[in-house]
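Heads up: the structure comes next, in structure tokens.
Derivation of every value follows stated rules applied to the coordinates shown; laboratory data play no part. The shown structure was predicted, so the numbers you read here are calculated from the model rather than taken from an experiment. Note that we place each Cβ from the backbone using ideal geometry, even for glycine, and neighbour counts take in every protein chain shown.
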Amino acid sequence: MYRVRRTIAIGIFIFAVVAMRITRYFELEKWVVSLGLTGFAVFLYFLNIWLIKYFIKRRTPDLASSEEVIHGIQKWELTAGLGIVPKWVSVIGLFSISALITAVLPWIIEMFK
């Protein structure tokens, strides 16, 4: 859990610095950068899903199904923790959370000022 939080925090820092530099360099409004970060978060999320499906199909094709094995558990969920999907794919998913937080957090802070 610590690694997950640390990865998300590092992602927030990276996206915040990049977003600030893009805002200043291109003289964009804050909402444009937030919209771009939200779009990038969605892109990273779908990339994460696609890579998970790709690696499961490639390495264990018999488990690449959404068929339920046990009530509430699908076949592909049985691959969790077995090293079938590389850890960097999970980092992409965590960075999508970081990008979304970076896009939304300035607006939440602005509401409470």
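Counting only residues that are surrounded by 13 or more Cβ atoms within 10 Å (Cβ to Cβ) and either among the β-branched types (Val, Ile, Thr) or touching a Gly at 6+ places or on another chain (Cβ under 7 Å) (or both), how many does segment 50-85 have?
Counting residues in segment 50-85 that are surrounded by 13 or more Cβ atoms within 10 Å (Cβ to Cβ) and either among the β-branched types (Val, Ile, Thr) or touching a Gly at 6+ places or on another chain (Cβ under 7 Å) (or both) gives 7.
I need every pair where a residue in segment 77-95 that is of a type outside the set (Lys, Arg) has its Cβ under 8 Å from the Cβ of a residue that is not in a helix (DSSP H, G or I), sequence separation at least 6 or different chains.
78/69; 79/60; 79/85; 84/60
What tally of residues in segment 84-103 results from selecting those that are part of a helix (DSSP H, G or I), over 10 Å from the mean Cα position of the chain (by Cα) and over 17 Å from residue 17 (Cβ atoms)?
Adding up the residues that qualify gives 2.
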